[in-house]
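Only the coordinates and a few stated rules stand behind these numbers; no lab work does. As the structure is a computational prediction, the values presented were derived from the model and not from experiment. Ideal geometry is used to build each Cβ from the backbone, glycine not excepted, and the neighbour counts take in all protein chains shown.
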Amino acid sequence: MKFISILALMGLSVCFGQPASAAPRLAMTPPMGWNDWAHYQCGFTAQTILANARALVRTGLAARGYDTVTIDDCWMLKSRDRHGDLQVDPRRFPDGMRPVAAAIHALGLKFGIYEDAGYATCGGFAGSGAGKDGGQPHFLADARLFASWGVDYLKLDGCNIQPATGTAGNAAYRAAYQAESIALRKVGRPIVFSESAPAYFQGTPDWYDVLRWVRRYGQLWREGTDVHVYDGKQPERSRFGSVMWNYDYNLQLGRFQTPGNWNDADFIIGGDRGMTLAETRSQLALWSMMSAPLILSSNLDQLSPEAIAILGNRAVLTVDQDPLGRMATLLRRSAAMDLLLKPLQGGEYAVGVLNRSPAALAIELAPRDLGFSGARCRFDVHDLWTGAQHPSAAVLAARIPAHDTDIWKIRPAGACGAPARMGAITRIVPNVPQSRQDSRDYTRCVAAPGMVRECAGTAAQIWRIRPNGTLRSARECLTQIGDRAALARCGPSASQRWTYTLLGNLINRSSHLCLTGPASGQLALRSCGHNVASQIWTLPNDVTVGSGRR
Ligand code: GLA
């Protein structure tokens, strides 16, 4: 069965074989809550969970939307009982799981649990998947058990999945996650399904295939590396680099996201040790610009009042929870800065500026920098961190401290018109070790007149995408010329028109060849391969399913 054929953007034709998700309509805005993993790993008991659940309520964070308390790995024993049932670890949960779930519900919160689609969890505890040496999976029995406890949210990890002989890993993962989604629909309780499958394929060509099918089975998915967990031996070790890394890979995947189907950039560790307040602001603002799930993972009892105020900032949270659920567009990326724009319901936009550098950064943005035209274009500006309102402003100006992110909501006045579809065109450079943790290494930008370069935020790296399928920079159009792509005067030729696919290919409409870029150097046209890194691009306004044209 063909799942999705080509989805073309730029006002182009769209053809789907199937709707993206046949699952019940859950999590129509990104899930929010708390999970123990990034702070405690396996070092928790029922008391730890309940203390954090109470802190969610006491701090007011629950009332701001952080409403789901999820117990991650290590809650169970390594083996099942003689009936084949999971066993709750009696040292951690002496009274079993039911009273813990009931206490969480009694606080007005939802209850989430962790399992694994393989034979064992990542921590080596009993998984729901088929046994190591074959045997039946336990998806349905385990889902029934979870439903009997009142589970509202399941995170299903992907360690220890064994491909059947002769099948690829992707197929084995798909079968397991599909089986869980079928099981969840049978248990008579709506359970949000968080899938970790894509994370096991990050950096491989299969990644994009997995990102296509997870949308059918669950509401959110982890697509990459874990954010750095708290380390009691070096509590002050900075974790900001790991937050930047997760932000970088998540930002490239907007086209897979739509309300009810969320990319999950992993936990919010802001507020915990290893993250400054500026970095905490950055994580919440960037996750909100991406409409990423907001799952706190810290010791909530130790959050400072300043951190609680940041994490509970109502105005920023409305950007995350905006009903359109759009991923921000990367308008510009330089070594120091990312400029992001996100359309919101009701004709407003969120603007975010990340200062990833270790020095303060002064910025001044005119409407044209955000894609708006018209000399008389003005914005009503709301600074979401300070609360300041600036009616009818002609520029956004700020001085952004090191590692901080400023975020505003703007309402353009009538003279602005709709913004152009404008911004950077990027590709991922695979196999960059996470330890480099530098956006400039992870992404490259397409630069006029036809090169791939380090992202530098120059005018040559800003592209306008027209509904007719042209990619323009400096008023010229990216054109296939022989086996290369370069700028030429815009005309009616099909060699200047491009079709964009869900897999990220830019296909020339004249030659049907794919735009191909090395990590650095001349753009070329080559036969389209299957998920070839040099042929996978992220475009401004990188929506597919979110366009409402299923
Ligand atoms: C994986 C996941 C983490 C956490 C651990 C538990 O690493 O990505 O979020 O669930 O497993 O073992």
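Values for this structure:
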item: Lys, Arg +1 and Asp, Glu -1 on Cβ, resulting dipole of the chain about Cα centre, debye, nearest 20; result: 1800 debye
item: Sequence-distant residues sharing a close amide H with Leu331 (under 5 Å, placed H); result: Leu339, Leu340, Leu341, Ala424
item: Using θ = phi - 60° and Karplus 6.51 cos²θ - 1.76 cosθ + 1.60, couplings along the stretch 101-114 (whole Hz; Gly, Pro as x); result: 4, 5, 5, 5, 4, 5, 7, x, 9, 9, 10, x, 9, 10
item: In sequence order, calculated HN-Hα J values of the stretch 451-460 (Karplus, 6.51, -1.76, 1.60; Hz; x Gly/Pro); result: 10, 10, 9, 4, 5, 10, x, 7, 4, 5
item: Stretch gain in nm, segment His530-Thr225, where the contour uses 0.36 nm per residue and the Cα spacing is subtracted; result: 107.5 nm
item: Gain in span if fully extended, Leu324 to Asp441, counting 0.36 nm per residue against the direct Cα distance; result: 39.0 nm
item: Percent breakdown of C-alpha pair distances by 10 Å bin, ordered from the shortest bin, for the stretch 422-535; result: 15, 49, 30, 6, 0
item: Packing-based ranking, highest mean first, of 245-256, 509-520 given that Cβ atoms within 10 Å are counted; result: 245-256, 509-520
item: Per-pair calculated FRET efficiency, R0 = 41 Å: Arg368 and Ser510 via Cβ, rounded to 0.05; result: 0.85
item: Label-point gap, in nm, between Glu236 and Arg484 - each point 7 angstrom along Cα→Cβ; result: 5.4 nm
item: Cα-projected label distance for Gln47 with Ser79, points at 7 Å along beta-carbon direction, nm; result: 3.0 nm
item: Square roots of 5 times each gyration tensor eigenvalue, C-alpha, the stretch 448-503, largest first, Å; result: 18, 13, 12
item: Protection-proxy order for peptides 308-315, 378-385, each taking the mean of Cβ atoms within 10 Å per residue, highest first; result: 378-385, 308-315
item: In range of the label at Ala102: residues from the stretch 137-159 whose backbone nitrogen is under 15 Å from the point 7 Å along Cα→Cβ; result: 148-151
item: Test item: Cα-centred dipole of the stretch 422-535, Lys/Arg +1 and Asp/Glu -1 on Cβ, debye; result: 300 debye
item: Where N is the number of residues in the stretch 147-247, Cα Rg divided by 2.2 N^0.38 Å; result: 1.25
item: Signed unit charges on C-beta, dipole axis of the chain, positive-most listed residue Gly482, Thr501, Gly260; result: Gly482
item: Cα pair distances in the stretch 329-416, grouped into 10 Å bins until the bin that holds the longest one, percent each; result: 17, 53, 26, 3
item: Vicinal HN-Hα couplings computed from phi for the stretch 353-362 (Karplus, 6.51 cos²θ - 1.76 cosθ + 1.60; Hz; Gly/Pro x); result: 10, 8, 9, 8, 7, x, 10, 5, 9, 9
item: Reachable lysines, given that their alpha-carbon falls under 19 Å from the alpha-carbon of Lys155 and they are not under 8 places away in the same chain; result: Lys78, Lys110, Lys186
item: Phe372 long-range amide H proximity, modeled H, under 5 Å; result: Ala420
item: Share of pairwise Cα separations in the chain, more than 40 Å, in percent; result: 23 percent
